[in-house]
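K.L.:
Before I ask anything, here is the structure I am working with.
The values are calculated or read from the model by the stated rules, or taken from the named source; none is laboratory data. Just so we're clear, the structure is a prediction, and the values are computed from it rather than from any experiment. Glycine also receives a Cβ, built like all others from the backbone with ideal geometry; neighbour counts cover every protein chain displayed. Heavy atoms of the whole protein, side chains included, go into the accessibility calculation; ligands, DNA and RNA do not. Shrake-Rupley method; radii C 1.70, N 1.55, O 1.52, S 1.80 Å.
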Amino acid sequence: MSIEESQVIDIVSTDPSDGSVTLVATDHLEWSDREHLLLVQEKFNCYLSYIESGEIYKSFPKAKGNEIKLLLVCKHKPNEDAEYFLSKCSKIIGDAGYEFTYRVHEN
């Protein structure tokens with residue numbers, strides 16, 4: 001699974017300390033073009049739909065009532081355009097009531 005499969009939830013994890021649920025998207029692509037940004041947008045639109053439709057609670061009933069977070073794990077460090085885009089994602093997703101973060105995976 002990867003950022004290229006927009007209709008697939010890559011990873012779901014639960015933090016046993018607080019019950020929060022994190023939906024993880026994995027991204028192996030270089031940040032070289034705007035098409036990559038569209039792939040990220042499509043992926044997280046799918047994730048938000050998964051949450052807001054209630055499908056997450058059918059798949060993971062323990063998620064109900066717990067914080068839901070979205071995480072993008074990147075293979076490559078985002079360039080300046082991507083940094084700006086990801087900050088906008090954080091704002092929009094935050095306004096929807098969810099936390100969004102990203103990190104670069106260290107090999």
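K.L.:
For the chain, what is the mean residue ellipticity at 222 nm derived from helices alone (per DSSP H run of n ≥ 4: -39500 (n - 2.57); sum divided by total residues; nearest 500 deg cm²/dmol)? Intermediate results must be reported in sequence, preceding the final value.
P.N.:
Numbers: 3 runs with 40 residues, N = 107.
For the chain, the value works out to -12000 deg cm²/dmol.
K.L.:
Moving on. Place a label point 7 angstrom from the Cα of Glu4 along the Cα-to-Cβ direction, then list the residues of region 68-107 whose backbone nitrogen is under 12 Å away.
P.N.:
none
K.L.:
On to the next question. If Val104, Val21 are ordered by their accessible area, calculated over protein heavy atoms with a 1.4 Å probe, which sequence runs from highest to lowest? Walk me through the intermediate numbers first.
P.N.:
On the way: Val104 45, Val21 5 Å².
So, going from the largest accessible area down, we get Val104, Val21.
K.L.:
To continue, here is another question. Considering only protein heavy atoms and a 1.4 Å probe, what is the carbon-and-sulfur percentage of the accessible area of the chain?
P.N.:
Taking all protein chains in place, the chain shows 50 percent carbon and sulfur surface.
K.L.:
For the chain, calculate the relative contact order in percent as a whole number, restricting contacts to Cα pairs under 8 Å that are 6 or more residues apart. The partial results should precede the final answer.
P.N.:
Values: 154 pairs, mean separation 30.7, N = 107.
Result for the chain is 29 percent.
K.L.:
Same structure, new question: Under 30 Å between alpha carbons: how many lysine pairs meet that in the chain, if sequence neighbours fewer than 8 apart on the same chain are excluded?
P.N.:
Qualifying lysine pairs in the chain: 22.
K.L.:
So, one more: With Cα extents along the principal axes in Å as the read-out, I listed (i) 49, 30, 22; (ii) 39, 28, 24; (iii) 43, 28, 25; which label goes with the value calculated from this structure?
P.N.:
Step by step, Cα extents along the principal axes in Å for this structure corresponds to label (ii).
K.L.:
Count the DSSP beta bridges whose two residues both fall in the chain, then state the antiparallel fraction as a percent rounded to the nearest 5.
P.N.:
Details: 4 of 17 bridges.
Bridges in the chain are about 25 percent antiparallel.
K.L.:
Probe of 1.4 angstrom, ligands and nucleic acids ignored: what's the accessible area per residue over the chain, in square angstrom? Intermediate results must be reported in sequence, preceding the final value.
P.N.:
On the way: 6420 Å² over 107 residues.
Value returned for the chain: 60 Å² of accessible area per residue.
K.L.:
Determine the dipole magnitude for the chain: charges of +1 sit on the beta-carbon of Lys and Arg, -1 on that of Asp and Glu, nothing else is charged, the reference point is the Cα centre, and the result goes in debye to the nearest 20.
P.N.:
Details: 11 positive and 19 negative charges, 70 e Å.
In debye, rounded to 20, the chain gives about 340.
K.L.:
Need one word for region 66-107: rounded, prolate or oblate. Basis is the Cα gyration tensor (sqrt eigenvalues a ≥ b ≥ c); a/c below 1.5 gives rounded, then a/b vs b/c decides.
P.N.:
Details: a/c = 5.10, a/b = 1.42, b/c = 3.60.
Here region 66-107 falls in the oblate category.
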